[in-house]
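Comments concern the structure below.
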């Protein structure tokens, strides 16, 4: 791995942790257990698209482990790892089939996977299969948040393209 890629990964990891920590402090206008915007997933999507699936996975794992240790939520780490890894796997598998203007589709499927992973852990930890009745709420949340984070990622990539083209001209 070259120094430029490693440096980019370190910066994206730091950014994703900052976003994760800030998002943990944002109160949502509605109270739906287990639902948050997932803004740090913009970094995962960006990394999958620009660096590759392995690098994105490394960034994701470091963010989840360190982020949850920093906020003191060790039990939350189990939920985050299950959801985050399933989300990452789904998005990495979809990436070769998507055009860049379809990132929002990858993001929605990733969000669905994330919520499925977290729900599976909740059922496993509680031993209560009845929690699966919560799935429709999580599906709706995934559709909304996945679309949002996908659009944010698309905007970031478009902006970087503009910066590259303007620096090439100047």
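Here are a few things to note about the model shown:
- Looking only at the range 118-132, and only at residues there that are assigned to a helix (DSSP H, G or I) and out of contact with any helix residue (DSSP H, G or I) (no Cβ under 8 Å at 6 or more places or on another chain), the one that is surrounded by the most Cβ atoms within 10 Å (Cβ to Cβ): 124
- Among residues of the range 17-28 that are closer than 13 Å to residue 67 by Cα, those with a Cβ under 7 angstrom from a residue that is part of a loop (DSSP other than H, G, I, E, B), sequence gap 6+ or separate chain, pair up as 19/39; 19/40; 20/40; 23/36; 23/37; 23/39; 23/40.
- Residue tally, condition surrounded by fewer than 24 Cβ atoms within 10 Å (Cβ to Cβ), in contact (Cβ under 8 Å) with a residue 12 or more places away in the chain and farther than 24 Å from residue 136 by Cα, over the range 34-60: 8
- The sole residue among 85, 89, 74 that is without any contact (Cβ under 8 Å) to a residue 40 or more places away in the chain, surrounded by fewer than 15 Cβ atoms within 10 Å (Cβ to Cβ) and on the phi < 0 side of the Ramachandran plot is 74.
- Qualifying position, being within 17 Å of residue 35 (Cβ to Cβ), surrounded by 13 or more Cβ atoms within 10 Å (Cβ to Cβ) and without any contact (Cβ under 8 Å) to a residue 40 or more places away in the chain, among 94, 138, 112: 112
Conditions tested, residue by residue: (1) within 25 Å of residue 76 (Cα to Cα); (2) loosely packed, with under 14 Cβ neighbours inside 10 Å; (3) under 16 Å from the mean Cα position of the chain (by Cα).
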| residue | (1), (2), (3) |
| --- | --- |
| 134 | yes, no, no |
| 142 | yes, no, yes |
| 156 | no, no, yes |
| 160 | no, yes, no |
| 166 | no, yes, no |
| 169 | no, yes, no |
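- When the helices (runs of 4 or more DSSP H) confined to the range 1-115 are screened for residues that are modelled with pLDDT of 90 or more and over 13 Å from the mean Cα position of the chain (by Cα), those reaching at least 2 such residues are found at 3-25, 53-71, 74-94.
The values are calculated or read from the model by the stated rules, or taken from the named source; none is laboratory data. Computed from a predicted model, the values in this text were never measured in an experiment. Positions of Cβ are backbone-derived with ideal geometry, glycine not excepted, and every protein chain shown enters the neighbour counts.
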